[in-house]
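Inspection log for the structure reproduced underneath, given as structure tokens.
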């Protein structure tokens, strides 16, 4: 299935900003992190349609996943 | 021995007073709010003779504790009518602390129309003629003082809007690089202007070291504390690399980025002004610095020096809230334009949050075309900066613009502009905006950490559950942290790394030679917060003032189509402690 992955902040280093990628059915957010060589503790926030999701979340064809390392400000 | 300088403008005297025992372990917000609550009649006119302007360095300012160099300024706010504390970096907190000045209380009103410069030394305060500085904006005042003294002189100054008592006027503080940090919120520059003080210079000649009662305990705790700052990914990596503006993209993705005067929750051109773009822009230009501290001893370095493509300085301390306000909420897509407007606000001396929020309302009113950065810059310099009739309407804040043009989408609480996080789609921050003693202020209880960033756990930003408790706990903790002289960003590691908060409290205990537990520290925060609340109640505020503007209930915000849906009784639960 096709998943659009958007990366932010330091996750973009040596990777990409946005890419449409092919993943097998029942791929989870965690699987996508592994495919990008991002360790779980590096993950700050994962969002789909503006909602926070956990690494166990199972992706659906056509979804966009936004991944952020731990960041803050304010 | 610490002392209090009491500066009386009515008879032009400065008394050097002993520190009362009950103030001995206080500092920062705890001390300014305690003094304002004790000495300022809550119903007084904020620009009248009964208001007082109080400066106090934090409990740990001037020590070797990392990130402790912030100064609190307090008074009754002319913008909100509430008690106000606004803290800033720069050089004066460390100067005051090392000079043994626990607080400086400025009271009364000069009898004649003469503008003054207060000159602070170890011996007290003298009253100097400032007529040569009147009408100058802040960078010219700083240049003039550097020339008159030298670059070591501490400077706190107001621009023309402060002189003219516009309610968005701030107090600007010289930073270690001769640029500006600000006591931004609440119009404290207008209070300084009402007292005819154009500028305060601080000559720290003769200052010693801040006394530490238990140096060994202090050193051990300071080490643990600094390690926590450097180990946490937010303070150790994210903030130094991208600055606070890293939040543009995450708020956009979460649908909580107020766009076009709070009409939408996402913005199409977000990446043009994002932290990632800003980092690459600065890094790709000569003389740009992506890291910069607002005070000596900062190990986070979230600030930056933003330059143009030729390497000429445009601005520094270019924060998320300002970039959001101009780049997203006003739709000004050119980051260089936003930077120039930020610098103009530093120069004329207005709060860059209030300044950006009010411009969006002025755009809604048709005063400035949407997205027009050049015209916004002109309005800052030529209208607000010169206090023209239009400049006064704008410079008196977001509420003033909304009232003058008959608008209803006017994002204020207690007449203070609402910053960069939409309360409909990030509900915890709405509770903070509504209830904080300060008027709409995100820093007063920064639920974004837990609602959006997953720091200190996670509370779903779109549901009501858990928001009141989250906001209450953060408001109490923030009141305590605002008293230490610490940058509020120490809260990120403190929320996630168990050793950090006890180390902070141990440093305070060691500094003053007292026993203090984490519970004592947080209890102090709760006590001060209730004291501030009592001041506001005595000034005439009721629960009905702890509400968001009606449009948040009436206008769903895309993409989540969320509305503000807390009942008054639910909001009021914040104060149940």
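Listing for the model above:
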read-out: Antiparallel DSSP beta bridges within the protein assembly as shown, percent to nearest 5; value: 80 percent
read-out: Cα gyration tensor category, rounded, prolate or oblate, for the stretch A:2-69 with a/c compared to 1.5; value: rounded
read-out: Efficiency of FRET from Cβ geometry, residue B:39 and residue B:230, R₀ 41 Å, rounded to 0.05; value: 0.50
read-out: Measure of compaction for the stretch B:243-422 (Cα Rg per 2.2 N^0.38 Å); value: 0.98
read-out: Sum of -39500 (n - 2.57) over DSSP H runs of 4+, divided by residues of the protein assembly as shown (222 nm, nearest 500); value: -9000 deg cm²/dmol
read-out: Residue mean of other protein chain beta carbons inside 10 Å, B:538-549; value: 0
read-out: Chain B: C-alpha gyration tensor shape, a/c 1.5 cut-off, then a/b vs b/c; value: rounded
read-out: Segments B:423-433, B:60-70, A:17-27 sorted - mean Cβ within 10 Å per residue, highest first; value: B:423-433, B:60-70, A:17-27
read-out: Highest to lowest packing among B:369-380, B:315-326, scored as the average C-beta count within 10 Å; value: B:315-326, B:369-380
read-out: Whole-angstrom gap from the stretch B:16-53 to the stretch B:182-196, using each part's C-alpha centre; value: 16 Å
read-out: Stretchable slack from residue B:24 to residue B:575, in nm (0.36 nm times residue separation minus alpha-carbon distance); value: 195.6 nm
read-out: Mean separation of Cα contacts under 8 Å (6+ apart) over length of the stretch B:322-369, as relative contact order %; value: 40 percent
read-out: For the stretch B:60-120: relative contact order, % (alpha-carbon pairs under 8 angstrom, 6 or more apart); value: 28 percent
read-out: For residues of B:275-281, the mean tally of beta carbons on other chains within 10 Å; value: 2
read-out: Label-reachable residues, the stretch B:86-124, where backbone N falls under 12 Å from a point 7 Å from residue B:134's Cα toward its Cβ; value: B:112-117
read-out: Cβ neighbours within 10 Å from other chains - mean over B:455-464; value: 2
read-out: C-alpha center-to-center spacing [the stretch B:199-239, the stretch A:31-74] in angstrom; value: 35 Å
read-out: For the stretch B:3-202: rounded, prolate or oblate by the Cα gyration tensor [a/c cutoff 1.5]; value: rounded
read-out: Most to least packed among B:515-524, B:499-508 [average Cβ atoms within 10 Å]; value: B:499-508, B:515-524
read-out: Separation between Cα centres of the stretch B:461-522 and the stretch B:77-134, rounded to whole Å; value: 29 Å
read-out: Residue B:313-residue A:60 pseudo-label distance in nm [points 7 Å out on the Cα-to-Cβ vector]; value: 5.4 nm
read-out: FRET efficiency, residue B:178 to residue B:403 (Cβ-Cβ, R0 45 Å, nearest 0.05); value: 0.75
read-out: For chain B: relative contact order, % (alpha-carbon pairs under 8 angstrom, 6 or more apart); value: 16 percent
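Values quoted throughout were computed directly from the atomic coordinates according to the rules given, and no laboratory measurement underlies them. Note that the structure is a prediction, hence the values are computed from the model and not measured. Backbone-built Cβ (ideal geometry, glycine too); neighbour counts: all protein chains shown.
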